[in-house]
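Encoded as structure tokens, the structure appears first; notes follow it.
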Amino acid sequence: MGMNSQDFQRAAGALAAALTEYRQQLAARQLPVQSRVSPGEIAAALPRSAPERPESFEAVLEDIRRIVLPGLTHWQHPRFFGYFPTGGDLSSVLADMLSTGLGIVGLNWQASPALTEIETVMVRWLRDLLGLSATWHGSIQDYASTATLLALLSARERSTDYSAHRGGLQSVPAPLIVYTTAEAHSSVLKAAALAGFGRDNVRIVPVDGSFAMDVEQLAALIRTDQRAGRVPCAVVCTVGTTSTTAIDPVAQIAAVAGQHKLWVHVDGAMGGSAMLLPEMRHLWTGIENADSIVVNPHKWMGIASDCSLYYVRDPQHLVRVMSTNPSYLKTAVDAQVINYRDWGIPLGRRFRALKIWFMLRLNGAEQLRAKIRSDCAEAAWLAAQVRGAPHWRLVTPVSLQTVCLRHEPPGLAGDALDAHTLSWSRAVNESGLAYVTPSVCAGRWMVRVSIGAQASEHSDLEFLWQCLQRHAEAQ
Ligand SMILES: Cc1ncc(COP(=O)(O)O)c(C=O)c1O
């Protein structure tokens, strides 16, 4: 059973041609950005049961065109300004195919030496490109949510002198506390729950006017918990929050955390990529005093999902927390090599490092920096248009590539303004002409324009701005 090599070669050529045609359709701005299918429509288009006999690859490809493509909201469309930019660079698409095609699993160094060593070099290349010092040690995880879970597991174990090797959290006399803000990604609360802290032991630190963590409030909450006999354990701060790309002040947070020996995890899933630019690094001043960092190359760096970097200052601690080391995985070279299974949750490992390698080799770091710089400049351009237009308001300062805006016609406020915002943003998305994301900020709906789709040009942003004005002013 299985596809033979000749059929594979033919099918791979046809698939590459179909993918190229798809990207060309996107570039021609022919497809509606938001999928027009209704819930259940795609499932209903598939047969009720699996085929008993082989079908041709052409038939499969035909269904990709007929069923799958219309069922996609096109993240690589030049007029996609929703959620966040996600990596679609074709160099990393090739690497993903190679990674899967090699058909290997990185259980340990011996099982795939090149997988391990190329990962080590790639996380080092990116560490250097991000301006981080050589004291950081990285690994590639699937998603930032996993990295943040690793951070909170590591924090828990440091605070409890490795309680997992004894009775676990159930044997700890006082509750451990995690601090973050309401602007942090939902993965922080999920990680705190999964790591056993419990929702009652997560403190939501108030934010300032720019939605960044208020460090005095953090210090006050820590003192209150200490006085009550609880154990402050970790603070998760964000460089580029999900909704508004707010920047928590890492240096001040790390200073407060340092006084009380809290673990500092920096969620740079989105904003971390901006640190490729030396002129942006002031946004995470103090990063060298953190304990762990996550940066997602599968967001703004253009690398195909999934590829998330998790850096730690003390890899031995991470290994002590994550290692299980069953006998069948022990090898003679263990003392000389890295076994990444001990740096994360899964035992198996994909060759994700190829995606970074291909992307950097086929584009070069210079192009990557130029793209990030240009996206920030485009965001500044849109912000200037919004500032200059009557009845439009910038809801938050623009720190990276996301512009948060609202149309505020005279006489509309409160729930009526919310209804207006939701109505015009839905109209934009349903038009298929462009795609944006409504989101709540300080209790009111606003619209996020997230710039950075690889194929976007300045004319697309001009088009979007016209489109937003037309739809909002027509409501
Ligand atoms: C700031 C931030 N952190 C974490 C995440 C979660 O990333 P992932 O999907 O890689 O788990 C996101 C995703 O939008 C994010 O914006």
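Laid out as a table, the results:
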{"quantity": "Cα-based Lys proximity count in the chain, under 26 Å, for pairs eight or more positions apart or on separate chains", "calculated": "5"}
{"quantity": "Anisotropy class of segment 362-405 from Cα gyration tensor, a/c 1.5 cut", "calculated": "prolate"}
{"quantity": "Rg [Å, one decimal], Dmax [Å, integer] - segment 1-84, C-alpha atoms", "calculated": "15.3, 44"}
{"quantity": "Normalised contact order of segment 392-445, rounded percent, pairs of Cα under 8 Å and 6 or more residues apart", "calculated": "24"}
{"quantity": "Charged-residue dipole, Cβ positions (Lys, Arg, Asp, Glu), segment 14-142 about Cα centre, Debye nearest 20", "calculated": "440"}
{"quantity": "Whether segment 238-339 is rounded, prolate or oblate, judged on the alpha carbon gyration tensor where a/c under 1.5 counts as rounded", "calculated": "oblate"}
{"quantity": "Segment 420-475 - convex hull of alpha carbons, volume per residue in Å³", "calculated": "78"}
{"quantity": "Segment 374-475, relative contact order [Cα under 8 Å, separation at least 6], %", "calculated": "27"}
{"quantity": "Label-point gap, in nm, between residue 427 and residue 387 - each point 7 angstrom along Cα→Cβ", "calculated": "2.8"}
{"quantity": "Kirkwood Rh and Cα Rg combined as Rg over Rh, evaluated for segment 4-44", "calculated": "1.17"}
{"quantity": "Residue 190-residue 65 FRET efficiency (beta carbon distance; Förster radius 41 Å; 0.05 resolution)", "calculated": "0.65"}
{"quantity": "FRET E, pair residue 14, residue 35, Förster distance 25 Å, beta-carbon r, rounded to 0.05", "calculated": "0.55"}
{"quantity": "Gyration tensor over alpha-carbon atoms, segment 345-475, equivalent ellipsoid semi-axes in Å", "calculated": "34, 18, 14"}
{"quantity": "Full-stretch length increase - residue 24, residue 380 - with 0.36 nm per residue and alpha-carbon distance subtracted", "calculated": "125.3 nm"}
{"quantity": "Per-bin percent of Cα-Cα distances, the chain [20 Å]", "calculated": "22, 52, 26, 1"}
{"quantity": "Over the chain: helical MRE at 222 nm, DSSP H runs n ≥ 4 each giving -39500 (n - 2.57), nearest 500", "calculated": "-13000 deg cm²/dmol"}
{"quantity": "Overall Cα dimensions of segment 315-389 - principal axes, largest extent first, Å", "calculated": "67, 28, 19"}
{"quantity": "nm² value of the averaged projected area, convex hull over the Cα atoms of segment 125-231", "calculated": "8.6"}
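Every number here is computed from the coordinates shown, using simple stated rules; none is lab data. Here the structure is a predicted model, which means the values were calculated and not measured. In this analysis, Cβ positions are derived from the backbone assuming ideal geometry, glycine residues included, and neighbour counts consider all displayed protein chains.
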